[in-house]
Every structure is written in structure tokens, then in C-alpha cells.
């Protein structure tokens, strides 16, 4: 027989000073104790989370930053969100009292607009942060990821289509644009109060209502124009975000066809617009709006409306004459002279084509003084 050797291996003995294998390390125990914080970090970095977390970030905005303060710089952003919510609540509760207090200040309209802008800015920053840290690729139900559903939801609720498509940074930028549009819309909604407060100046408690017929400062008119531009830019961003979400979820094989259909629809809308557009009627509407704004004390905005009406209906000299009168009222003598020169040149061309002569004369004002100089003229047949 062949001799065989048998080896017996005893199990390794554990040292008494050695830590048990089942004992988890200290960092694992601390991580398990802070499970909610780690879950919020995973959601904010895009490594975890689901579509309810993305919807929570979209609908709740600053509140979601407070509920999950464990993300990077989470405590600071939670503080910003808290301050924005508290300031927005105070502004909403004391809206009337704030307007009444601003009437007694010299720059009340500017202070009120600045406060409104800062509050909306803080809310917008918190909301964009919540969207930017939402799950990167949330798995929404298939019914919500259909192209037509994404487009419709994006048109109804701004930037929601981009959230469904997983474009969180673009959705955050769209919300930023909409925040600027919201601030501009609030200023425009109270433009009568802003213009009246800036024109009338500070009021004592015993004074009556604001006189809206006073001349509004040019800076306030520039503020109103900037607010209108922000509102228009926000509306455009709203539409662009809806179509961008549609493009993001559309299959690659259907993307060219979808883009072609959108382009053809836009071209058809432009053709329809120019087919039904009536420049003369639009010029009259602009004249009516300019007269209303002029009665409210504005000067620069009605002047722009008169000039636009004159471009739409150059055959009618009424708009140019009203623009010249408005320039004289606003103290813009140089612009008034230039407009008079162009009006006279246009009248001379018309007289030459009609076979008539221009006769200039000086008009008399109510107090007997000569007004107008050679800016007043008439046509005389040859």
C-alpha cells in the first residue's frame, strides 16, 4: 500500500483583542444613522431617486430644499429657501400697507419695485436650485413621456416638459426666465400706482388720491418698459421650453419630421397673420392706447406708439403731428424739429404729386401768441 498522509487544519483562532467580524465599522453605523441625509444626497446628485422626487422639486421648489437639507451646501440653501418663503409671505400679507407707506417717500415707486424684485429673485433662485439638484434621469411613466403629452404639459405648466424629459438644468433656466417674467408682470399689473406715485411725489397723510395726470419721470417709464420686456421674454421662454421638451423625448427617427411639422406650422401662422393684418386698424388702436397713456402722465411710451402708428399708416399725418406735440411737451425740442422737417418733406412730396403748393402760416394760441411757426401749413391748388 502506498503510504498516505492526512493533514488536519484547525480553524483559525480569533484573538481576544480583535474586533468581532460582525461588528460594522464606525463610519457604517454613522451612515446608517443618517439614512435620510444620504438619500437626499443621492437624489440631488442624480445617483438615485425617482420621478416623484423630480415632481416634488418642481412643485414645491424652496420647500423641497428645506425637507432635504443634506445635499451639498444644503443647509445654506435651506436657509435661503426659508428666507425667501418668509419674505414672500410678509410681502403678500402686507401688500396694501407697503404701498401706502411707499406713497409717503420720495422714491417710493423705486423702493417698492426693488423690494418686489428681490423677493421674486430669492424665490426664483431657490426654485432653480431645487430643479438643478433634482434626479438626473427620472423614470416617468410611459404615458407622460409621450411627445404630445410632454408638449401639452409644458404649455400648461412652464418647464414641466423639460423635467419629464430629464433636462433639469434647462428646466432650471426656464424657471429663472419665468421668475423675471413674474416680476415684470407684477410691476405692469400695478403700473398705474407706480406711475402715479412717481409723478405725484411724497404725500402727507391728509392728502387725497394720487394725481395720475402729472408727468411721470422718464426713469419710471424706462422701468415699465423693462418690465414689459421681461414679461415678453418670459412668455417666449415658456413656449421654447415646451417645444424643447417635445424635441427631447421624441424618438431620433421622428425628430426630423417633428421639426418639419413645427416649422410648417410656424410658417402657416405667419402667412395667416399677414393675411388678416390691417395696418390702418392697428395704427388706430395704437393711437387710442397712446392717448390713454398720455392722460396717465406718460410721455416716452405714447411717443413710441405714435411713431409706430405713423409707420403703419404713413398716409395719415395725424400720428406724426401728435408725436411732434408730445415732443414739445416733453421738452425734446431737437426731436420735435427733426419730426417737423420730415413731415414737411413728406407733405411737399404729396403736394408735388397732387399738383398743389404748400402754404406755411403761423397759428395763434389761445392767449394771442404766435405758436407753431412754419410747422403749420396747408395745401393750395395751383
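Total residues in region 157-189 satisfying the condition of being over 16 Å from the mean Cα position of the chain (by Cα) and either over 9 Å from residue 245 (Cβ atoms) or without any contact (Cβ under 8 Å) to a residue 12 or more places away in the chain (or both): the figure is 3.
Keeping to region 277-306, report how many residues are closer than 15 Å to residue 221 by Cβ, in contact with a helix residue (DSSP H, G or I) (Cβ under 8 Å, 6 or more places away or on another chain) and either in a helix (DSSP H, G or I) or modelled with pLDDT of 90 or more (or both). Qualifying residue count, region 277-306: 10. Exactly one residue out of 132, 81 is under 20 Å from the mean Cα position of the chain (by Cα) and either in contact (Cβ under 8 Å) with a residue 24 or more places away in the chain or closer than 30 Å to residue 251 by Cβ (or both): that is 132.
Within region 98-135, the set of residues being in a loop (DSSP other than H, G, I, E, B) and touching a helix residue (DSSP H, G or I) at 6+ places or on another chain (Cβ under 8 Å) comprises 103, 105, 133, 134, 135.
Does residue 77 satisfy being in the same structural domain as residue 224 (by TED's automatic domain parsing) and closer than 21 Å to residue 184 by Cβ? Considered against the rule, which asks whether it is in the same structural domain as residue 224 (by TED's automatic domain parsing) and closer than 21 Å to residue 184 by Cβ, residue 77 comes out as no. Quick check, is residue 279 exposed (fewer than 14 other Cβ atoms within 10 Å of the Cβ) and over 27 Å from residue 160 (Cα atoms)? Criteria met by residue 279. Scoring residue 267 on the criteria (1) outside the structural domain of residue 225 (by TED's automatic domain parsing); (2) assigned to a helix (DSSP H, G or I) leaves a single failure, condition (1).
Scanning region 325-378 for residues that are at pLDDT below 60 and assigned to a loop (DSSP other than H, G, I, E, B) yields a total of 5.
Residues in region 87-112 that are at pLDDT 90 or above and under 23 Å from the mean Cα position of the chain (by Cα): 87, 88, 89, 90, 91, 92, 95, 111, 112. The residues listed here are 239, 223; of these, the one that is within 30 Å of residue 296 (Cβ to Cβ), modelled with pLDDT of 85 or more and assigned to a helix (DSSP H, G or I) is 223.
The values are calculated or read from the model by the stated rules, or taken from the named source; none is laboratory data. These numbers come from a predicted model, not from an experiment. Neighbour counts are summed over all protein chains in view; Cβ atoms, including those assigned to glycine, are modelled from backbone coordinates with ideal geometry.
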